[in-house]
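The values are calculated or read from the model by the stated rules, or taken from the named source; none is laboratory data. In this text the structure is predicted, and so the values were computed from the model without any measurement. Glycine also receives a Cβ, built like all others from the backbone with ideal geometry; neighbour counts cover every protein chain displayed. In case anyone asks, the SASA skips ligands and DNA or RNA and just uses the protein heavy atoms, side chains included. Shrake-Rupley method; radii C 1.70, N 1.55, O 1.52, S 1.80 Å.
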Amino acid sequence: MSDCLFCKIAAGEIPADTVYEDDKVIVFRDINPKAEVHLLVIPREHIPSLNELSEDQDALLGNMLHLLPQLAKAQGLNDGFRTIINTGKGGGQLIFHLHMHLLGGKNLPGFE
Ligand code: 5GP
Ligand code: ZN
């Protein structure tokens with residue numbers, strides 16, 4: 001997806017404050033953080049949203065979920081964290097490359 005912002009970040013074409021990466025996943029700080037810690041966890045593969053997820057991507061999503069507690073601990077979030085996945089316009093999704101928000105620390109936003 002040549003015009004996808006998060007594909008460009010995953011490819012290193014647009015800079016990001018990356019905190020973790022492997023061959024399938026990259027994690028970077030949100031440019032407009034809604035809490036003290038606000039990370040975005042994305043697959044390198046372009047999946048627009050949960051609406052387009054297929055069963056052969058279940059393992060990838062499982063890996064991303066398992067990564068969350070490790071990322072939280074590495075950020076000093078020993079007390080817990082919040083995970084948000086916005087899906088579709090009605091779900092508040094702005095970037096159509098699947099991503100998990102990992103939020104924690106001071107100023108943790110509530111549900112709105
Ligand atoms: P969504 O509303 O799609 O779930 O969330 C998109 C998130 O991407 C927003 O929290 C927004 O601040 C973040 N974002 C948008 N553009 C950039 C960017 O260029 N770099 C980074 N690091 N985050 C971005
Ligand atoms: Zn993409």
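Data table
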{"item": "Within straight-line cross-link reach of Lys106, lysines at Cα separation under 28 Å, skipping those fewer than 8 residues along the same chain", "result": "Lys34, Lys73, Lys89"}
{"item": "Per-pair calculated FRET efficiency, R0 = 30 Å: Ala74 and His46 via Cβ, rounded to 0.05", "result": "0.70"}
{"item": "222 nm mean residue ellipticity, helices alone, for the chain (DSSP H n ≥ 4; -39,500 (n - 2.57); rounded to 500)", "result": "-6500 deg cm²/dmol"}
{"item": "Simple spin-label estimate for Thr83 and Arg29 in nanometres, 7 Å along Cα-Cβ", "result": "2.3"}
{"item": "Angle in degrees between helix 58-74 and the longest Cα principal axis of the chain, rounded to the nearest 10", "result": "30"}
{"item": "Accessible surface of the chain, 1.4 Å probe, proportion on carbon and sulfur as whole %", "result": "51"}
{"item": "Charge dipole magnitude, Cβ of K and R +1, D and E -1 - the chain, Cα centre, debye nearest 20", "result": "420"}
{"item": "Stokes-Einstein diffusion coefficient of the chain, Kirkwood radius over Cα pairs, 25 °C, 0.890 mPa s, in µm²/s", "result": "171"}
{"item": "Positive-pole candidate from Pro43, Leu61, Ala16, dipole of segment 5-104, charges at beta carbon", "result": "Ala16"}
{"item": "Proximal aspartates and glutamates to Lys8, defined as alpha-carbon separation beneath 14 angstrom and excluding residues fewer than eight positions away on the same chain", "result": "Asp17, Glu45"}
